[in-house]
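Taken together, the values in this text are just the output of simple stated rules run on the coordinates, not laboratory data. All values derive from a computational prediction rather than experimental measurement. Cβ placement follows ideal geometry from the backbone for every residue including glycine, while neighbour counts extend to all protein chains displayed.
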């Protein structure tokens with residue numbers, strides 16, 4: 001039952017997120033992603049995700065994160081081929097690498113350098129892959145269908161105006177797709193449990209979650225089926241242990257266990273008649289020392305605090321941007337304030353109806369690479385359009401349609417000469 005419920009919620013959120021980037025859905029599903037919610041200071045969403053991690057572990061990673069579900073999809077395709085049915089095994093946690101990446105990410109957030117968080121955020125990675133790989137295929141398919149329909153005098157399908165977004169954005173999206181896809185095909189959720197700072201942040205909380213996957217030693221016969229099916233490589237059958245910080249609550253282990261020895265239950269220790277034998281002088285690999293536990297908790301808390309501080313601060317660091325002449329998206333304010341909040345997910349780039357917004361390369365400098373800027377060579381910014389502000393999940397582009405309309409009305413009045421005295425503007 002838990003497996004079916006997880007799959008239902010995961011596929012529903014994955015399809016909704018993909019349709020959002022394709023322009024087929026207007027629901028604000030991107031606002032429930034953790035990193036954009038942190039930068040937007042959306043405390044309701046952040047608190048909800050953190051509470052879910054405290055209660056149930058990393059359910060966010062298995063049901064809401066589009067990149068995590070994408071990896072599950074790749075793994076599902078790999079398992080359909082008999083030659084490539086991967087049998088996983090327990091891998092020691094790469095603790096120094098995980099918390100090293102999280103520490104560097106936290107330092108980047110505090111310093112205002114958006115480059116590293118932009119490159120590692122799972123939501124933004126998936127957004128760029130859809131925008132620059134899937135969206136062009138979708139648009140050209142619709143254009144082909146529309147052209148075919150016109151031959152039979154059917155004009156109910158409107159085509160898209162395709163605009164090339166640059167080789168750099170396409171190349172980066174392709175690198176992500178190949179790297180994460182191949183890694184998922186061979187090693188399952190290795191990106192989530194080794195590189196992803198969001199996974200490490202939630203994994204730190206999940207170490208103390210109320211409900212988690214646990215092995216019941218009195219039922220386990222050590223067959224190893226659960227360990228071979230674990231996409232997170234976090235089940236140690238020999239010592240009857242599950243690393244809760246890496247478990248993404250996929251519940252696949254429960255499905256394959258012939259004796260129902262795995263249960264999603266509270267953290268109370270079950271009665272153990274014959275505890276696992278651990279060599280003398282060697283602690284279990286998944287156990288934190290007190291010092292490591294404190295350090296990991298401080299790093300995780302500092303990362304979240306750094307993101308929230310960015311949302312309230314305008315002290316960004318756009319390296320090498322002193323001489324840039326890039327045009328910011330409408331309403332973005334200063335470049336520092338925009339850089340502090342933008343995750344470069346390219347949702348605004350994908351949804352801009354006039355194709356004005358395009359990914360930056362070095363227009364903002366190194367600190368703002370791949371963040372969107374306005375390029376009027378392909379079109380113009382409509383006064384009555386607020387799509388970019390409406391879809392931006394992090395608040396980097398504000399929603400201010402009434403302000404744009406008001407500015408348009410004033411400019412029109414001055415243009416046609418109905419208000420000859422500019423000083424009258426403040427008295428009306």
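Working ranking of peptides 170-180, 59-69 by packing, defined as the average number of other Cβ atoms within 10 Å per residue, highest first, is 59-69, 170-180.
What's the ranking of 99-105, 37-43, 47-53 by average number of surrounding C-beta atoms within 10 Å, highest first?
Numbers: 99-105: 19.1, 37-43: 21.1, 47-53: 16.7.
Per-residue mean Cβ counts within 10 Å order the peptides as 37-43, 99-105, 47-53.
Once both labels are positioned 7 Å from their Cα atoms along Cα-to-Cβ, the gap between residue 4 and residue 378 label points is 4.5 nm. When you count the other C-beta atoms within 10 angstrom of each residue and take the mean per peptide, 392-398, 163-169 line up highest first as 392-398, 163-169. Grab the beta carbon distance between residue 11 and residue 265, set R0 = 41 Å, and tell me the FRET efficiency rounded to 0.05. Efficiency for this residue pair is about 0.95. For region 5-148, the alpha carbon positions stretch 55, 42, 30 Å along the principal axes, listed from largest to smallest.
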